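Participant: Structure provided below as structure tokens; questions to follow.
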Amino acid sequence: MIKNKTYISIFTFLSLGLLGLTFAFVGASLSAMKAFFLLDIRRAGMITAILQLGFAPFCLFGGILADFFRKDRILSIGTLILGIATMLIGRSGSFGLHLAILAVMGVGCGFLFVGSNTLVVDLFSEKRGTFLNILHFVFAVGSLVGPLIMGSLLSRGQRWQTAYRYEAAVALFIAAIFFTTNAGEWRTVTKKRLSELWNMIMGKKFILLMLTGFFAIGLQFSIMYLTVIYLQEAKGLSISYASLALSVYYILLGTGRLICSALVVRVSQWKLILFLLVSLAVFLIAGWALKGGQAAVAFSLTGLSSSGLMPILLSLTSSVLDSRFRGTALGFLAMCGGLGGMAITYCATALSKQIGLENGILLIVVLSLFTVLLYAATLKWMKKNEEKNA
């Protein structure tokens, strides 16, 4: 079995890039799926909601497993499930079956997300903030490639399913790699350990972090899923232009994560998160208010604001909570973000059916402002705990 840290790290980073590719494919192909299954905007919103419904609980389940079992095994299972699901997606005209496959994709994504993040924290515990940002930079690279591939295929008249077939091959290859590695150790499950885990989950600081994650990360998922269809149907842009805007979003997402990986060792994590949340609200307001290409620019710029939210919140969570249960804490945070993405996206699309897509997206704008206020209310506590654990 392979134990080389560099080798394992490379494929761990690539696995999160694959996750970025998956989410980007779904966002970029949402209009094509809507046409393929003859859906209205509310039922199209179910596509992203079901993916998140599979993703969220298995982030938590995978996180709990990561505190007791080897992270590379969680990654091997996640990539295997994702590979099988993406191989099957779009083979049937049944929308119900399509949703079931998307839920399975979400399961694989949940295991993949929490396995890669917890393994990076273990491998680079002294510089977890820096390396988590780099890990999520690779996620952004995968996310950037996704709309380019999907947009190129669709603009040439090819089927949206083709992109998922390529992804399946990559996912199954990475799964095979992780079945040959040996990273970390198995831990014993005891009543005392489970009791200590429960006490952490019921603590005030744990709950506050999870609420922040629900809205902050949930907003990021909503932007990823709805940008293309919003720019097409509400702002009148072509599929190629809308996909390009999403690609620029991911370029800025990656660029921002590289910047944050350097800033996080110089600037307090809680200050960075506040700045990112405020700027996100500003760009979302601009994207909703502006027209055509200007709206596309504003939505692309939300990539900079979203860039450090996930990795810095993950780093902060692993810093201020019990280090023995990092997997559970990160899994809970990812689950809350996934549930946030599911709830916000579905509510926005359901509202859009009643009052129009342009007005429905206003929900995301309002929630971004609410998130700033929620996080600002926890600043004193955040600063105190970060200094205590520095």
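Participant: Could you please state how large a percent of the accessible area of the chain is carbon and sulfur, counting protein chains only and using a 1.4 Å probe? Walk me through the numbers on the way to the answer.
Facilitator: Details: 10080 of 14590 Å².
Carbon and sulfur together cover 69 percent of it.
Participant: Okay, moving on. Once you have a ≥ b ≥ c as the square roots of the Cα gyration tensor eigenvalues for the chain, tell me rounded if a/c is under 1.5, and otherwise prolate or oblate according to whether a/b is larger than b/c. If you can, show how the numbers build up before the last one.
Facilitator: Details: a/c = 1.70, a/b = 1.23, b/c = 1.38.
Oblate is the answer for the chain, as a/c is 1.5 or above yet b/c matches or exceeds a/b.
Participant: Would you grab the residues whose amide H sits under 5 Å from the one on residue 2? Only those 5+ places off in sequence or on another chain, please, with H modelled 1.01 Å from N.
Facilitator: Hits under the 5 Å cutoff: 181, 182.
Participant: Per-residue HN-Hα couplings for the stretch 165-170, Karplus 6.51 cos²θ - 1.76 cosθ + 1.60 at θ = phi - 60°, whole Hz, x for Gly and Pro?
Facilitator: Each residue of the stretch 165-170 in turn: 5, 4, 5, 4, 4, 5 Hz.
Participant: Let me ask something additional. Roughly speaking, what is the centre-to-centre gap between the stretch 206-232 and the stretch 1-63 when only Cα atoms are used, to the nearest Å?
Facilitator: First find each Cα centre; the distance between them is then 14 Å.
Participant: OK, next. Given the peptides 302-309, 157-164, 83-90, arrange them by the average over their residues of other C-beta atoms within 10 Å, most packed first. Can you show the working numbers first?
Facilitator: On the way: 302-309: 26.6, 157-164: 16.6, 83-90: 21.5.
In decreasing order of mean packing, 302-309, 157-164, 83-90 become 302-309, 83-90, 157-164.
Participant: With +1 assigned to the C-beta of every Lys and Arg and -1 to the C-beta of every Asp and Glu, and no other charges, what is the dipole magnitude of the chain about the Cα centre in debye, to the nearest 20? Walk me through the numbers before you get to the answer.
Facilitator: On the way: 32 positive and 13 negative charges, 105 e Å.
That gives the chain a dipole magnitude of about 500 debye.
Participant: Assuming R0 = 25 Å, what is the FRET efficiency of residue 172 and residue 95, from their Cβ-Cβ distance, to the nearest 0.05?
Facilitator: On the way: r = 26 Å, r/R0 = 1.04.
E(calc), rounded to 0.05, equals 0.45.
Participant: With a ≥ b ≥ c taken as the square roots of the eigenvalues of the C-alpha gyration tensor of the stretch 42-88, please select rounded if a/c is under 1.5 and otherwise prolate if a/b is larger than b/c or oblate if it is not? Write out the running numbers ahead of the final one.
Facilitator: On the way: a/c = 5.75, a/b = 1.67, b/c = 3.44.
Here the stretch 42-88 falls in the oblate category.
Participant: Another one. Between residue 354 and residue 294, how many nm apart are label points set 7 Å from Cα along the C-beta direction?
Facilitator: Inter-label distance under the simple model: 3.0 nm.
Participant: How far apart, in nm, are two points set 7 Å out from the Cα along the Cα-to-Cβ line at residue 125 and at residue 278?
Facilitator: For the pair residue 125/residue 278, the computed spacing is 3.6 nm.
Participant: Here's another thing I want to ask about it. Where does the charge balance sit around residue 354 when Lys and Arg score +1, Asp and Glu -1, over other residues with C-beta under 12 Å from its C-beta?
Facilitator: Values: positive: 42, 353; negative: 40.
So the surrounding residues net to +1.
Participant: Provide the gained length on full extension for the span residue 199 to residue 156, in nm with one decimal, where the gain is 0.36 nm per separating residue minus the Cα-Cα distance. It would help to have the intermediate numbers written out before the result.
Facilitator: Details: separation 43, 0.36 × 43 = 15.48 nm, distance 5.52 nm.
Extending this stretch completely gives an extra 10.0 nm.
Participant: With the cut-off at 29 Å, tell me which of the pairs 127/271; 127/205; 71/205; 34/235; 3/204; 205/353 have Cα atoms farther apart than that.
Facilitator: Details: 127/271 18 Å; 127/205 23 Å; 71/205 26 Å; 34/235 18 Å; 3/204 38 Å; 205/353 38 Å.
With Cα atoms farther than 29 Å apart: 3/204; 205/353.
Participant: Okay, moving on. Counting Lys and Arg as +1 and Asp and Glu as -1, each charge on the Cβ, what is the dipole of the stretch 39-180 about the Cα centre in debye, to the nearest 20?
Facilitator: Values: 11 positive and 6 negative charges, 68 e Å.
Once rounded to the nearest 20, the dipole reads 320 debye.
Participant: Continuing with the same structure: Would you calculate the separation in nanometres between label points at residue 38 and residue 68, each defined as 7 Å from the Cα along the Cα-to-beta-carbon direction?
Facilitator: Between residue 38 and residue 68, the label points sit 4.9 nm apart.
Participant: Take each of the peptides 369-377, 133-141, 228-236, 334-342, average the number of other beta-carbon atoms within 10 Å over its residues, and list them starting from the highest. Numbers along the way, then the final one.
Facilitator: On the way: 369-377: 16.0, 133-141: 25.1, 228-236: 21.2, 334-342: 27.0.
Per-residue mean Cβ counts within 10 Å order the peptides as 334-342, 133-141, 228-236, 369-377.
Participant: Here is a follow-up. Which whole-Hz ³J(HN,Hα) couplings does the stretch 31-45 yield from phi under the Karplus relation 6.51 cos²θ - 1.76 cosθ + 1.60, θ = phi - 60°, glycine and proline marked x?
Facilitator: 5, 5, 5, 4, 6, 4, 9, 6, 9, 8, 5, 5, 5, 5, x
Participant: Rounded to the nearest 0.05, what FRET efficiency do residue 4 and residue 267 give with R0 = 30 Å and r taken as the Cβ-Cβ distance? Could you check?
Facilitator: Details: r = 34 Å, r/R0 = 1.12.
Working from the Cβ atoms, E equals 0.35.
The values are calculated or read from the model by the stated rules, or taken from the named source; none is laboratory data. Because the structure is a prediction, the values reported are computed rather than measured. Ideal geometry is used to build each Cβ from the backbone, glycine not excepted, and the neighbour counts take in all protein chains shown. Each accessible area value is taken on the protein alone, full model and side chains, heavy atoms only, with ligands, DNA and RNA left out. Shrake-Rupley method; radii C 1.70, N 1.55, O 1.52, S 1.80 Å.
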